[in-house]
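Here is the structure we will look at, set down as structure tokens.
The values are calculated or read from the model by the stated rules, or taken from the named source; none is laboratory data. Remember, it's a predicted structure, so these values are computed and weren't measured experimentally. As a convention, Cβ positions derive from the backbone with ideal geometry for all residues, glycine included, and neighbour counts pool all protein chains shown. These area figures cover heavy atoms from the full protein model, side chains too; ligands, DNA and RNA do not enter into them. Shrake-Rupley method; radii C 1.70, N 1.55, O 1.52, S 1.80 Å.
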Amino acid sequence: MDKARLKKIKKTVQKMETLVFDQLSQKQEKQLFKFNENYKKFLNKSKTERKAAIQIVKASEAQGFVNIDTLLTKKSKNINKVYKVFQGRCVALAILGKKPLLSGANIIASHIDSPRLDLKQVPFYEDLSMGLIKTHYYGGIRKYHWLAIPLALHGTIITSNNKNIEITIGEDPDDPVFTVTDLLPHLAGKIQANTKLSEAFEGEKLNLIAGSIPLGNDEEKNRFKLGLLNLLYKKYDFTEEDFVSAEIEAVPAEKARDIGFDRSMIGSYGQDDRVCAYTSLEAILNTQPPDKTAIALFFDKEEIGSEGSSGAKSNFLEDFMSDLLFISGQGTDNRSLRKSLINSSCLSADVNAAMDPDFKDVHETMNAAKLGFGICITKFTGTGGKSGSSDASAEFVGKIRQIFNKNKIVWQTGELGKIDQGGGGTVAKFLAKFGMNVLDCGPAILSMHSPFEVSSKADVYMTYLGYKAFYSDND
Ligand code: MN
Ligand code: MN
């Protein structure tokens, strides 16, 4: 067989892997880098779920989106772009389509919470000559990642007279930062060398150094803690009890950075899952009024199992959907709501694990995602025998594949590690319970859940284009 014929056969029968950078025109490459500059800005302003929510609302208001709650009491026609914020930590955007909502919406659901260290409710204490802060980690972290790095504090405090005070300390280059100390290698041998990694670092030892100037003389008990509390009172009017009603998060203080001589990748805290939040936000903001209603959901609490009133297990989507039915003058009865949900299609927008050159063993190479090969489709997640997963149907995977191919989106497939290696879940199963089709779909990243997660700019851009193509599908 001649070479040309063989090549043609191979191209026809084999599944090809495409590297995004092999496919782009010069113009597209320029757009890709520009898009990622704005993505980095979003990451830097969105270090917590509350701050991400603020950025999302700001960007959508700038594009003419209106708070849906203001439309529930007065009738105003011709408004088709709306948003809803719940508890300041969970957001939904929608562009009403020409078709009735009963025929379903195209939904993209991401999450805006990320692993971090939360301050405990009674956090301040002293030891030796220092004032310290106790934390409780949130989400799945490798505890040693959080030692010996600069950390910033972000949060909301409700005072005893019901004042709501926001604090951000450690993001400005002139701000002080906080840190969890680590043992020096010289002395770590005996107590850690023969300890299992899972036991070498204790959650109760993730304490932040917060000051070392005492108040009062050396007869005073707790004078380093007092020094801290006195400073907080003078500067912010906080008392120790105020921290009981507070949500304060310690997050990496570093900004998002380009990685590599060619600047082709981004290193940053919080890319799981703000990369999907940003790309789906940009996708909906750049979608022309579609036939089918477009919805972007930005959930909280995914990292702790989507629990609570702002997580994907809550009634937030049903509530938003019934508001959409109401403002568009459609029936808001239970049946209409159920039909609107069951007829919808959803991309569960979350990151997957890219294969790491130094840890290939945890992946099965044929089915693992790789950096730079485009948006990753993950048919199922879960652990063991797909337990805890939402396994997308062949029909729906087929539909998304066709949309991507038609729109020249570079895509790949992925799975979360080898069988029985570990695993994990996303919001997919909590949306699937409404009966809608759901597929996990987002970029694959390296060092997931670390303070410096790595993404490929090519994958970020393809994810944006992929989400946009999904919103424009009207079948
Ligand atoms: Mn995630
Ligand atoms: Mn995660």
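Every condition in (1) of a type in the set (S, T, N, Q); (2) open to solvent by 20 Å² or more (accessible area, probe 1.4 Å); (3) within 16 Å of ligand 1 (Cβ to nearest atom) is met by Ser310 except one, and the failing one is (2). Taking the criterion of being of a type in the set (Ser, Thr, Tyr) and more than 16 Å from ligand 2 (Cβ to nearest atom), the residues of segment 445-462 that qualify are Ser456, Tyr461.
Only helices (runs of 4 or more DSSP H) wholly contained in segment 365-475 count here; list those with 1 or more residues that are open to solvent by 20 Å² or more (accessible area, probe 1.4 Å) and within 16 Å of ligand 1 (Cβ to nearest atom).
Output list reads 428-432.
Considering the conditions (1) under 35 Å from the mean Cα position of the chain (by Cα); (2) at pLDDT below 90, Glu219 is excluded by exactly one of them, (1). Among residues of segment 141-156 being open to solvent by 50 Å² or more (accessible area, probe 1.4 Å) and part of a loop (DSSP other than H, G, I, E, B), the one that is farthest from Gly170 (Cα to Cα) is Arg142.
Tell me, which residue of segment 73-105 that is modelled with pLDDT under 95 and among the β-branched types (Val, Ile, Thr) is most open to solvent (accessible area, probe 1.4 Å)? Among those residues, the one meeting the criterion is Thr73. Gly384 passes every criterion in (1) touching a residue at least 24 places away in the same chain (Cβ under 8 Å); (2) under 23 Å from Ala296 (Cα atoms); (3) more than 14 Å from ligand 2 (Cβ to nearest atom) apart from (2). All of Ile56, Ile68 fail the test of being touching a Lys or Arg at 6+ places or on another chain (Cβ under 7 Å) and either of a type in the set (Ser, Thr, Tyr) or surrounded by 14 or more Cβ atoms within 10 Å (Cβ to Cβ) (or both), apart from Ile68. Per the conditions (1) of a type in the set (A, V, I, L, M); (2) in contact with an Asp or Glu (Cβ under 7 Å, 6 or more places away or on another chain); (3) over 30 Å from Ile400 (Cβ atoms), the sole criterion not satisfied by Ile141 is (2). Of the helices (runs of 4 or more DSSP H) lying entirely inside segment 1-75, those carrying at least 2 residues that are more than 23 Å from the chain's Cα centre (by Cα) are 3-13, 20-23, 26-45.
Scanning segment 106-140 for residues that are assigned to a loop (DSSP other than H, G, I, E, B) and open to solvent by 10 Å² or more (accessible area, probe 1.4 Å) yields Leu128, Ser129, Gly139, Gly140. I'd like the full set of residues that are within 20 Å of Phe430 (Cα to Cα), of a type in the set (A, V, I, L, M) and either within 16 Å of ligand 2 (Cβ to nearest atom) or in a helix (DSSP H, G or I) (or both), limited to segment 325-364. Within segment 325-364, Leu337, Leu341, Ile342, Ala349, Val351 qualify.
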